[in-house]
Amino acid sequence: MYYQSCLIRNPYYVHRKLSSDDCQVCESLDDIVRLSNVSHTDISEDYLKSDVPVVIQDATRNWNLADGTFSVQNISKILLESDPNGDIFPCTFASNLRLRGENFFRTFLQKLTSEYITSKRWYAHWENCDKMSSKALRRYYPRPYFLPPMVDITEPNWVFVSSNYRGRIFKEISLLSDMLWVSQLHGSVKIRLRPRHPCNETCIQIDGILDQGETLVFTDRMWRFQYVPEENGVNVAIGGGGSFEL
């Protein structure tokens, strides 16, 4: 696996610590509730402030890129065109593809547009912290309707892509924000939320499937997020972080 982590960390981000009292929230959780037509109040009070994960089934209903046709090649083209002559560097990148060189990410994006990539079994995820590339991708999706005004959206966004990848080990995503939403645009992925210490002593991990059109929402304070792509076909998901005050 190739992995590159962010060289610049947000100096203002402080991970909110859990106490044993917080663990009462997840003691009886063994599944992720699925909702539609949810209100800002419900999301803020029942889920974000309570550290309870939720899947929103209609979050992408008015997104042009959520009709199942938005492809790996689309994402590659958007990011390459965001800065045609410059270097593009993600903050975090992980893949089973072996990539080398100073501008490995541009090489990777170029491969995504070729037939080479369709003959491989691969996965990749990364955080777009490059200002131009993250802004270019944001043009293709609106602020999720369910996010209450109290959530300040972070500038970077996430991309998760794969093709016929037969992985067995869950991939963990390290966040620098209070919460994350992940929208599955094509295909499906297996998801896993693992409670953080000290709640891992009283709460169990939650496994599930995120299907096309669904959006997972969870807080980083309580949960560690892991995923593994479904084996057959292409999977495409995007995500974004946010911060809020309790």
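The values are calculated or read from the model by the stated rules, or taken from the named source; none is laboratory data. For clarity, every value in this text was computed on a predicted model and none was experimentally measured. In this analysis, Cβ positions are derived from the backbone assuming ideal geometry, glycine residues included, and neighbour counts consider all displayed protein chains. For the accessible areas, the whole protein counts, side chains as well, though only heavy atoms, and no ligand, DNA or RNA atoms are used. Shrake-Rupley method; radii C 1.70, N 1.55, O 1.52, S 1.80 Å.
Odds and ends about this structure:
- Test: Pro149 is under 19 Å from Gln184 (Cα atoms) and not polar (S, T, N, Q): no
- Contacts under 7 angstrom Cβ, first residue in segment 117-143 being aliphatic (A, V, I, L, M), partner in a loop (DSSP other than H, G, I, E, B), 6 or more apart: Ala124/Leu97; Met132/Asp83
- Among (1) at pLDDT 90 or above; (2) touching a Lys or Arg at 6+ places or on another chain (Cβ under 8 Å); (3) assigned to a loop (DSSP other than H, G, I, E, B) - the single one Ile169 does not satisfy: (2)
- When Thr113, Thr92 are checked against the criterion of being open to solvent by 30 Å² or more (accessible area, probe 1.4 Å) and of a type in the set (Ser, Thr, Tyr), a single residue qualifies: Thr113.
- Some residue of segment 112-121 being over 15 Å from Val236 (Cβ atoms), among the small types (Gly, Ala, Ser) and under 20 Å from the mean Cα position of the chain (by Cα): no
- For segment 129-151, the set of residues classified as open to solvent by less than 10 Å² (accessible area, probe 1.4 Å) and touching a Leu at 6+ places or on another chain (Cβ under 6 Å) consists of Ser133 only.
- Hey, Gly86 small (Gly, Ala, Ser), more than 29 Å from Ile169 (Cβ to Cβ), modelled with pLDDT under 95 and not in a helix (DSSP H, G or I) or not: yes
- Residue tally, condition among the acidic types (Asp, Glu), closer than 20 Å to Ser177 by Cα and assigned to a helix (DSSP H, G or I), over segment 91-141: 0
- Just so you know, in segment 195-246 the residues that are touching a Cys at 6+ places or on another chain (Cβ under 6 Å) and assigned to a loop (DSSP other than H, G, I, E, B) include one that is least open to solvent (accessible area, probe 1.4 Å), and it is Cys203.
- Ile153 falls short of the stated requirement of being modelled with pLDDT of 95 or more and more than 13 Å from the chain's Cα centre (by Cα).
- Scanning segment 39-57 for residues that are open to solvent by less than 20 Å² (accessible area, probe 1.4 Å) and either not small (Gly, Ala, Ser) or not in a helix (DSSP H, G or I) (or both) gives Ile43, Leu48, Asp51, Pro53, Val54, Val55, Ile56.
- For segment 172-192, a tally of residues being more than 26 Å from Trp63 (Cα to Cα) and assigned to a strand (DSSP E or B) returns 1.
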